[in-house]
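Report on the following structure.
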Amino acid sequence: MRETHHAICHMKLHLRWQILLAGLGLLLALSILSFQVQTVALCTTRVPASGGVFSEGILGAPQYLNPLLSDPNPVDRELVSLLFDGLTQVGADGRIHPSLAESWTVSEDGRTLQFTLRDDALWHDGTAVTTADVLFTYGLIQQEDFPGSPALKALWQSVTINQIDEQTIEFVLAEPYAPFLEASTRGILPAHILADVPAAALAAHPFNQTPIGTGPWQVQSGQNWAATNRLQLTPNPMDWREGTSIPTLEFRFYPDETSLLTALANGEVTAVSHITPAMLPETAVLPEVRLFTAVTPRYTELLFNQAGGAVTATPEVRQALAYALDRQALVDKVLSGQGILFEGPYLPSSWAYNPSQLTAYNYDPVTATTRLDAAGWTLAEGQTVRQNGETPLTIRLLTLDAEPYLSLAAAIQTQWTAVNVNTTISTTTSLRDALATGQFDAALLDIAPTTDPDLYDFWSQEAMVRGQNYAQWNNRRASEALESARQVWSEAERRPYYDAFLRLFDGSLPALTLYQHTSTYALSHAVNDAEIGYLFTPRDRYTTFADWFLLYRDVTISCPATPLAGEP
């Protein structure tokens, strides 16, 4: 019996091991099958990744990264716009909006402005912004040895500054002056860094190389951009609270258009700001580049001299010359289409712009010849140039000795020849000095108007002597309208004065607006999800920068289900 029992027990033990081994085999098979099913159900896809350096090429090089010293250099102005904030800023609607200041008020007599600062504004080093910074900044400008713009100094020396508390500051003007509000857009400097620096030493201070600001971008420390021709900025986390995929914005500086375009073509830079009309044809054919074009707050005009002895002294001649110009052809042929026609002297973005008060000078050579005839400039039989008595109609056209002005002048000369007007072109390297001599009948010049519509320094009678009324337009009623408009603050009160000024301007035509400038921004296809629209200020091109990315990474995801045969 024992043997039998032992044998049975042995058989049961052996059977258990067989069952266990069979179970393990089944589990192994199921695991392998499950692994195969899981492997088949996984896919790899590419998603945006953080990293890389966004490099942008700029024509020229910076000198002072300082909002009090940046006016003369376009590159300085570009970079200062990214690094610093003013009490206020210019919006897309052409009006002044809050920035470091959250609000402001104007006294009933129009002489006192009081600004209240935001309570969350910080310098790039984390220090709180207070009215001590505002007082220090504008106090520097008031000093006699201030090294910046004399006009800027003169403006602020007429202002009394009162620091009410850490968040409130007051400016008292000698008289009501509505254009003063635009002065508050200038960037503020940090008193806690520069308080001991006298105005005379400001231009030589190291701060101008590695500044501390409040703007959406900040300068990386430890750079020598003057030697490397490269300046690296990083996003200010206070402005980019959700972060950016691209951690570094690097500007690279080039001495000429050829080297800048070469850098874009070979991938040395991923973007180029301000593609000029001369660069556009070559840039447009680069396969890896996208172009974004937007209007900018600048225009080119034809200024007519009305001083005695100028053949453009009568409005009939000026109007005839305007009708004889095909402005769209000038834009298309000379500027490769990079310009927008409008009737000046206010940009369409200005709240004072009112085209209903202005004549649209569309190309009309018949009207041009009719008005010249009526003004006494007739074409004698067998002649090619109009005359008034024995005097030929010759226009002395003044222009800068640079492109695109030389090409524009040549095209204008050709168009005026078609209505039998002779044109001689004179060039200068200092347009302001040449205008001051009065030795011209018409002049090509660029205008970068202020945000405020005040044009007193351009078109008033006083500006004929102490201003920029180089046309010598002597119109008392226009001068009075401009003077009255700057002494009241609300748009509703100011608008009637500017409408009156526009009607007088239109009737006399002291200048003809040729076109508004556009800015073309070139961007490599290596930059993903980038969209660029309105470009009123340099920082506007980075409005959507948080969405941009340069790199991808691979991630594993579940594969989408494949429908069975016959399924939709």
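Derivation of every value follows stated rules applied to the coordinates shown; laboratory data play no part. In this text the structure is predicted, and so the values were computed from the model without any measurement. Glycine gets a Cβ as well: all are built from the backbone with ideal geometry, and neighbour counts include every protein chain shown.
Among 524, 158, which comes first, then next, by fewest other beta-carbon atoms within 10 Å?
Working: 524 19, 158 14.
Neighbour counts put them in this order, fewest first: 158, 524.
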Exercise. In whole angstrom, how far apart do the alpha carbon centroids of segment 195-216 and segment 418-469 sit?
Worked result: 35
For this session: Per DSSP H run of n ≥ 4, the term is -39500 (n - 2.57); total these for the chain, divide by its residue number, and report the mean residue ellipticity at 222 nm rounded to 500 deg cm²/dmol.
Result: -9000 deg cm²/dmol
For this session: Subtracting the Cα-Cα distance from 0.36 nm times the residue separation, let me have the gained length for residue 425 to residue 71 in nm, one decimal.
Result: 124.4 nm
For this session: Jot down the radius of gyration and Dmax of segment 122-268, Cα atoms only, both in angstrom.
Result: 18.7, 57
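Given Cβ point charges of +1 (Lys, Arg) and -1 (Asp, Glu) and nothing else, what value in debye, to the nearest 20, does the dipole of the chain about its Cα centre take? Walk me through the intermediate numbers first.
Numbers: 32 positive and 60 negative charges, 317 e Å.
Dipole size: approximately 1520 debye.
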Exercise. Residue farthest toward the positive end of the dipole of the chain, with Cβ of Lys/Arg at +1 and Asp/Glu at -1: which of 269, 50, 89?
Worked result: 50
Exercise. Over segment 345-397, what is the mean sequence separation of C-alpha contacts under 8 Å (at least six apart), divided by residue count, expressed as relative contact order in percent?
Worked result: 16
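Sort 353, 363 so that the residue with the fewest other Cβ atoms within 10 Å of its own Cβ comes first and the one with the most comes last.
Ranked by crowding around the Cβ, least crowded first: 363, 353.
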Exercise. Quick one: of the DSSP bridges fully inside segment 298-517, what percent are antiparallel, nearest 5?
Worked result: 65
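Averaging sequence separations of C-alpha pairs under 8 Å and six or more residues apart, then dividing by the length of segment 421-568, give the relative contact order as a whole percent. Walk me through the intermediate numbers first.
Numbers: 96 pairs, mean separation 16.6, N = 148.
Relative CO of segment 421-568 lands at 11 percent.
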Seminar exercise, completed: Ranking 224, 428, 176 by how far each Cα lies towards the positive end of the charge dipole of the chain (+1 on Lys and Arg Cβ, -1 on Asp and Glu Cβ), the top one is 224
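According to the Kirkwood expression over distinct Cα-Cα pairs, how big is the hydrodynamic radius of segment 298-517, in Å?
Working: mean 1/r = 0.0561 Å⁻¹.
Evaluated on segment 298-517, it is 17.8 Å.
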Exercise. When the distances between all Cα atoms of segment 240-288 are binned every 10 Å from zero, what whole-number percent does each bin get?
Worked result: 21, 47, 21, 10
Exercise. Under a Cβ-Cβ cut-off of 9 Å, what is the net charge of the residues other than residue 231 that fall near it, where Lys and Arg count +1 and Asp and Glu count -1?
Worked result: +1
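Counting other beta carbons within 10 Å of each Cβ, put 47, 90 in order, fewest first. Numbers along the way, then the final one.
Numbers: 47 10, 90 20.
Least crowded to most crowded, the residues run 47, 90.
For segment 159-235, compute Rh as the Kirkwood radius over C-alpha pairs and then the Stokes-Einstein diffusion coefficient at 20 °C and 1.002 mPa s; write the answer in µm²/s, rounded to an integer.
137
Work through the residues other than residue 55 whose Cβ is under 11 Å from its Cβ and net out their charges, Lys, Arg +1 and Asp, Glu -1. Could the numbers behind the result be given before it?
Details: positive: 230, 252; negative: 56, 250, 268.
Neighbour charge sum, excluding residue 55 itself: -1.
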For this session: Work out the charge dipole of the chain with +1 on the Cβ of Lys and Arg and -1 on the Cβ of Asp and Glu about the Cα centre, then indicate which of 522, 392, 287 is farthest towards its positive end.
Result: 287
For this session: Pairs of Cα atoms under 8 Å, at least six residues apart: use those to get the relative contact order of the chain, whole percent.
Result: 21
Exercise. Under a Cβ-Cβ cut-off of 15 Å, what is the net charge of the residues other than residue 422 that fall near it, where Lys and Arg count +1 and Asp and Glu count -1?
Worked result: 0
